[in-house]
Structure formats: structure tokens, C-alpha cells
Amino acid sequence: MTTITQNLPTLNHRVKYALLSGMRDFYDTVGKFLPNKEVIRTPVNPHALSPKMPQGLSYSEIKLWQVDTEDHNFRANYFSGLPDFLSSYFANEYIKLFRTKSRKSANTFLRKTLGGNIKSRLDLVNKQYEFIKPSALSINFSAEFESLPTFGRERIAELSVEIARYIDKLIQQLLADHEFCLSANEVNQLGLEYQLYKSVLNELDGINIVPPYFADYKNGKLTNENIVRALAKLTNEDWWYNKLKIRRDFQHEHLAIAVGQVQKKATPYASQSCQSEWKEQKRRNKKYLEQMAIENQETGEQIALDLQVYKSISNPAIRRAELMTRMRGFEDLADEMGYTGAFITLTAPSKYHSTYSKGGFVENWQGNNPRETQAYLCKVWSRIRAKLNREDIKFFGFRVAEPHHDGTPHWHILVFMRPEDLQTAFKVMWIYAMDEDGQEKGAAKNRFEFTMIDKEKGSATGYIAKYISKNIDGYALDNEVDDETGENLKETSKAVTAWASRWKIRQFQQLGGAPVTVWRELRRLKSQKVEDKIIDPVLASADVGDWAAYTNHQGGPMVLRKDLKVRLSYEEELNQYEETIKKIKGVFSPLSGLASFICTRLIKWKIVKKEKNKDLDLKKRAARTPWSSVNNCTQVKKSPQEDQREEIRKQLKIIGLPDDNFTINRLYLRESLKISENQWLKLDNTLDGVHLIVSNSPSRFKKPIKNDFVEFDF
């Protein structure tokens, strides 16, 4: 092998020096690769490499941005424009899936839950709360009404004050307008009050708020007195608060249903925010009850309010026990009469449902809320009841309304009827249950169920006991699981109660039988015995808690209201708007007349602030003059005639009859008042005091004028 040697040119000292100088300058400038020289790195700004967060993001979108920025534009299609109370659940679930599983899982969840026709569903709901007609009121408060679903209690209270003041100012301006007043009094025969009401009505048309006495206005029965009462309500912030609070609650939950927050895959029956608000309301109620007491207005005696509520029907345990007692009583009556029981389930068409139990939105959902679905079920049942009545099919029982997983109500009905009527009743119920959209897929299987009660498998009460407990407190359902959601029934009972409270839906309704209000009033008398032969057996059966005997003594399970043996007696009072309201005073028997009246509410109580460590001096409290608007006025000695009229007024109140001056004057003048077909009320003719008595004949002193007597509808 031949080696080729290449001779390199020799560098002189000047060239070597130039090369070394250039290399040294290079190393000094760059700052690298020089031995014994420290490497200095320039710090990098982390935000310089990532995109800048857009402005105007919601709280939920900010949380999502901090977790993942790359898919922001994808998520914006679902979260943009959604308030936090709608988007918070989905944002939290997205973050959880992103961190525990994968980015793909999180985006898939978002696409399946908020994807599809979510925008159109929201538009469907929002359209129901839009303003019908533009008005000055709707324009001035448009921003507030647009944000109403997000308002808390304090903001609603502020808005109530603002609107009440606006209406009051409007009325004052109209009254100061001389042309308006002249034209109202001269041109329109209905007068100034009517024109004021109509002007305010035009303002309310813009915000979908129905004013007081609107039905009378539509029917041409609106009086000037009721107009004054209506205007008083419309300028009261408390009236507005109730209206706005209900509207806010409905719209808030309705939107939650639209986006799928109320379903098996999220939170069944009621949204998480609805359940939280319900629990908070229960906490506030409990705190209020602990701070208040009821006080005897005569003696000053105080009793803790929470203890009284605990002993009342407001206690879920007592409420459940009473329902079971009534249900068991109906079953005993059915056994005695040879009636057969049937258990019925009634469900609304698919267009009333928001989501499927297996997940996913119902495509043909028309935007109904649970109250509208409840109205549909009531309409179907009223048609069924009318048809059965025409077929002379009598029945009695109970109805329970409860929600599906998406908040849509359905009914469970337990009825008893003659065995020979069961087949006809089934056909009638099937026809009306399937009348609307009866041909749709799954209707024949899911819309209507009719099951005969098999005594060998259990009692009729046992069929419905589970639904009663589930819809109150979940008693004895610790190990029971909901067939639809798979959750524990004892836990879901709270969500069901929150659902019923939010949508103002009556969960339980008695079908037929005697009214429970009379039963409760009689039980206040406890073990007392009365001389009236008609009332005493009814009272005795109520006292021992025998609903079957009570119903029989009242006239049976098919008794009509006009044929009841014992009924309620009322007294009339005026509320803050000068409206006459009826309050229960006692019971009486129409068959025995007013002489049978029994006062069940002898003591008048008022709610007061509880006084801690209070040592009541009952004698002093009893002697203390109650507060009134004339306490500080000069006392004028009443004449004997005035004393007698006052005594007549007191006795009329006790027996629950009108105590107006016209009635009092007629009785004082010894005229008789006809109170039933063969009974007259008159003043005792003796001069020893003033006593009202019931007689079988009119007064001999003066023959009553035909058609000039006061009749009372009992």
C-alpha cells in the first residue's frame, strides 16, 4: 500500500496571531464553548409561547381554559352564552374526565351532553318567557328580566321594589293628568278606576305578569272595589316579590331541563341547584321556627312555634301516617262493599319528556315544563272521570304524582270499584290515555298500565305504600332502589320533594270520600263527647283514627259534598288588601242547623318573636289592653243599644255567620233571618240579655218580607 504524503504550508507568526484573534472574538461574542466561562441562559416567558386568554369568558370557561387551551374554540360552541348555573355541571365533569381519563373522553362527553340541538332547545324554552307586547315597563326593565334566572333572593327583592315604585309613579302621573281624569269620568261610563286598571294592564302585558282580578276583567265583572284592591297589590313590593320569585324559579329549572341537567345521567328529578336551594330554604325555615312562638292573644301565653309545627301535618312522618291511615280505611271500605282494586299508571306522550332514561335528548320535545305536563294529566283524568260518571261507574281511591328521571310527572292511581265495572273502566281509561299521539312508538307499552290488585300477593295499601313513602321521606326504603334511576329511594325522596316544591305540584290527591279537613278539625276536639247525635259518631270515629268509620258516618265513599253530615264553619276576616278571606272556625251539621255549631278554634293565636327566659305574669298579660288604633283615643261610653249590637256581632262571629251592619240591625229589630229551608235565626225575645236562637218558625212580631232575607250557603 502506497502512502501519499501531503505537505501543508507553514503559517508564519502574523497569520497565526490573526486566526487566534478572530476565534477569541467569536467566543467572546457568543459566550459558548470557552473553557472556564460560565454559561448564562436567558429566562423564557411562559405566556409568550401560549395563546392569550380571550376576554369576556364566563367563570366556567375560565376554569376550562386553565386546564386546556387547545380545545377552547371547540368548547365555545357549547358554553358560549350559557350562564354559570347551566354550564358549571358540564365544566366540572369535563375537567374530571380530562384529568382522570383523556382529552378525547372529555370532548366526547361534551359532544353527547351539550351537543346536538342544545341551542334550539334553549330557544324553545326562552321563547316562552319572552315579552309578548312592548311596553314602557318591559323596555325599562328588559335587562333585569333577561337576567332574572340568575338572580338571587336579594336581587329579586330589589327588583320588586323598583317595579312597585314604577307602577305607583305611573298611577300618580295618571291621576295628575286632568285630561285623563276628565275623559275617564265623562267618556267612559265605567269610571276613573277602570281606566287606571286598564292603563296598568297595558304595562303588564309586556312582561307576561297576570294582574289581580284579571279573570273578572275578561268576564266584565270587575268592580271598582276590586280595582282598588288590585292597584294596592300592584304597588306592593311583597306581591311583586312572590310573582318574580315564582317566575325566576320556573325559568331557572326549565332551562336546566333543556340542557340536560335534570336526568338520570346528571341529577334525576331536580337539578343540583334546585335541590341546594330547597335545602337552604328548609334551613332558613327551621331557623325561623326556632326563633318564633305563637302567643295567646288573651292570656299572653307563648308556645314554641317549631314544636307546634312538629306536631302538625307539616311533619313528614305525621303526613305519611295520615295518608296510610286514609288509604287503609278506603281498602277496608272496599272489602266491606265487595269492591275490587286496580292499580293504574298514567304517563304523558314522548313530546312532554326531555331526555331518554338511557341518555340523549328526545328529538320531538316541545319545551313543556312539569307544570304543563301535570295540566295535561289532569285534563286526561277529568275526561276519564266524566265518562265514567256518564256510564254510572262509581269509584274511590288515591292518586300519587311523581316525577320521571327528567322531571316529567306521571301518575300512580289506586281505585276501588265494582268488579263488573272493571272491564268498562279499563276501556274508557285506555281510550283517553291514548287519545293524544297514541300511535307513536312505545305508546302501547309505556303510556298506560292497568293492574288488578291480587290479594294473595299483598294488600292494596301495600301497592301504593312505596310511592307514598318515596314522595315524602323515604321511610322504610333504606334498601330499596329506584327502578328508573337505580338510586336509593330514601335518598331520592329529598330530590322528589324539592321537585314538587319547585313546580308547585300536588303530590297526593284523594278520589272520592269525605274531606280530610273536617277529619282534622274533629281530631282537634280529641275525646270530647257532644250532644248532637249526628256529629258525635263522626267525631268519635275521627278521634280513634278510623277513616273507614268516619267516611261511613259522613255518607259513604261516594258521598257528594252537599250531602255531608258534618261540614266546616268559617269566619270572615279582611286581609291587608281589604279582601274578605275565610278562616276555619269550627264544624256543624247542616241536618241539625246552626245549633249544632262546635267551635274548634277557641283561642286566637298570633306569631311573635320568642322571648328567652321569659317569666310570664299571666294575670298582667290578661289584663293588658290589646293594641289597637284607638287605644290612645278618648273612650266614649256606649249606649245600651250599641252594647246589644256588639253582642249580636260577637255571637254571629262565633257561629260563622256574616256580621255586617245590615244583618245586625235586622236581628236587633227582632226580624228573622232564614238560614235553611225550615230554620230561622232570631233574637231571644226576653229582656234578660241578648241571645241568638234557631227556631223552626219565623218571628211572630214581624213577618219576613218575601225575598228579603239573608241566605247562607253551607
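Tell me the Kirkwood hydrodynamic radius of the stretch 148-199 in angstroms, computed as one over the mean inverse distance between distinct C-alpha pairs. Show your work: numbers first, answer last.
Working: mean 1/r = 0.0783 Å⁻¹.
In the stretch 148-199 this quantity evaluates to 12.8 Å.
Sort 433-445, 72-84, 362-374 for me by packing, meaning the mean count of neighbouring Cβ atoms within 10 Å per residue, highest on top.
Order by mean packing, descending: 362-374, 72-84, 433-445.
Apply the Karplus parameterisation 6.51 cos²θ - 1.76 cosθ + 1.60, with θ equal to phi minus 60°, to every residue of the stretch 226-237 and state each ³J(HN,Hα) to the nearest whole Hz, in sequence, with x for glycine and proline.
Values, residue by residue: 5, 5, 4, 5, 5, 5, 5, 5, 5, 9, 10, 5 Hz.
If you wrap a convex hull around the alpha carbons of the stretch 411-452, what volume per residue comes out, as a whole number of Å³?
Taking the convex hull of the Cα positions in the stretch 411-452, it is 73 Å³ per residue.
Beyond a 18 Å Cα-Cα separation, which of these cross-linked pairs lie in this structure: LYS526/LYS606; LYS585/LYS653; LYS582/LYS653?
LYS526/LYS606
Would you calculate the convex hull of the Cα atoms in the stretch 109-209 and tell me its volume per residue in Å³?
In the stretch 109-209, the Cα convex hull volume per residue is 113 Å³.
Rank by packing, highest mean first: peptides 217-227, 327-337, 285-295, with packing defined as the count of other Cβ atoms within 10 Å averaged across residues.
My ranking of the peptides, most packed first, is 327-337, 285-295, 217-227.
When the distances between all Cα atoms of the stretch 104-146 are binned every 5 Å from zero, what whole-number percent does each bin get?
Spelled out bin by bin, the stretch 104-146 gives 5, 18, 17, 14, 13, 10, 9, 7, 5, 2, 0 percent.
For the stretch 113-148 and the stretch 544-579, what is the separation of their Cα centres, given in Å?
Comparing the Cα centres of the stretch 113-148 and the stretch 544-579, I get a distance of 45 Å.
To check my understanding: the extent here is largest minus smallest coordinate of the Cα atoms along each principal axis. What are those three numbers for the stretch 310-359, in Å, largest first?
Cα extents, longest axis first: 43, 38, 16 Å.
So what's the projected area for the stretch 392-435, the Cα convex hull averaged over all directions, in nm²?
Averaging across all directions leaves 3.8 nm² for the Cα convex hull.
How long, wide and thick is the stretch 280-363, going by the Cα atoms along their three principal axes, in whole angstroms, largest first?
That gives 60, 47, 19 Å along the principal axes, largest extent first.
Taking R0 as 35 Å, what FRET efficiency do you get between GLU578 and THR150 from their Cβ-Cβ distance, rounded to the nearest 0.05?
The formula returns an efficiency of 0.45 here.
Evaluate the Debye formula for the stretch 445-520 with equal point scatterers sitting on the alpha carbons, no solvent, and hand back log10 of I(q)/I(0) at q = 0.15, 0.23 Å⁻¹, in q order, two decimals.
Debye output, listed in q order: -0.73, -1.23.
Please list the non-local residues whose amide H lies under 5 Å from the amide H of TYR570, H modeled 1.01 Å from N, same-chain partners needing a gap of 5 or more.
When sequence neighbours closer than 5 places are left aside, the close amide H contacts are LYS585.
With a ≥ b ≥ c taken as the square roots of the eigenvalues of the C-alpha gyration tensor of the stretch 140-260, please select rounded if a/c is under 1.5 and otherwise prolate if a/b is larger than b/c or oblate if it is not? Walk me through the intermediate numbers first.
Details: a/c = 2.69, a/b = 2.01, b/c = 1.34.
Cα axes put the stretch 140-260 in the prolate bin.
State, to one decimal in nm², a quarter of the convex hull surface area for the C-alpha atoms of the stretch 383-467, i.e. the direction-averaged projected area.
Over every viewing direction, the Cα hull of the stretch 383-467 projects on average to 6.6 nm².
Consider all pairwise Cα distances in the stretch 465-507 and report the whole-number % of them above 11 Å.
60 percent
Sequence-distant or interchain residues sharing an amide H contact under 5 Å with PHE396, placed H: which?
The answer is PHE416.
For the stretch 301-421, what are Rg and Dmax over the alpha carbons, in angstrom?
Final numbers for Rg and Dmax: 19.1, 62 Å.
Can you bin the stretch 201-341 into rounded, prolate or oblate? Criterion: square roots of the alpha carbon gyration tensor eigenvalues sorted a ≥ b ≥ c, rounded for a/c under 1.5, prolate for a/b above b/c, oblate for the rest.
rounded
Stick to the Cα atoms of the stretch 413-554, pair each with every other, and give me the Kirkwood hydrodynamic radius in Å at one decimal.
Working: mean 1/r = 0.0530 Å⁻¹.
Taking the inverse mean of 1/r over all distinct Cα pairs, the stretch 413-554 comes out at 18.9 Å.
In straight Cα distance, which lysines are under 23 Å from LYS610, not counting same-chain residues fewer than 8 positions off?
Straight-distance partners of LYS610: LYS282, LYS286, LYS287, LYS311, LYS619, LYS620.
Across 10 Å bins from 0, what is the distribution of all Cα-Cα pair distances for the stretch 245-290, in whole percents?
Calculated P(r), rounded to whole percents: 27, 43, 23, 6.
First measure r as the distance between the Cβ atoms of MET53 and GLU391, then evaluate 1/(1 + (r/R0)^6) with R0 = 56 Å and state the FRET efficiency to the nearest 0.05.
Here the calculated transfer efficiency is 0.20.
Per the Cauchy relation, a quarter of the hull surface: what is the mean projected area of the convex hull of the alpha carbons in the stretch 480-625, in nm²? Intermediate values should be presented prior to the final figure.
On the way: hull surface 62.2 nm².
Mean projected area for the stretch 480-625: 15.5 nm², to one decimal.
Which entries of LYS264/LYS494; LYS279/LYS466; LYS394/LYS533; LYS221/LYS674; LYS387/LYS455 show an alpha-carbon separation above 20 angstrom in the structure shown?
Those over the limit are LYS279/LYS466; LYS394/LYS533; LYS221/LYS674; LYS387/LYS455.
Which whole-Hz ³J(HN,Hα) couplings does the stretch 58-64 yield from phi under the Karplus relation 6.51 cos²θ - 1.76 cosθ + 1.60, θ = phi - 60°, glycine and proline marked x?
Values per residue, Gly and Pro as x: 6, 4, 5, 5, 5, 4, 5 Hz.
Taking the radius of gyration and the Kirkwood hydrodynamic radius from Cα positions alone, what is the Rg/Rh ratio for the stretch 540-597, to two decimal places?
That ratio is 1.10, to two decimals.
Just so you know, all these numbers are worked out from the coordinates, no wet-lab data involved. Nothing here was measured: the structure is a model prediction, and the numbers come from that model. A quick note on method: Cβ atoms are made from the backbone with ideal geometry, for glycine too, and the neighbour counts reach across all protein chains shown.
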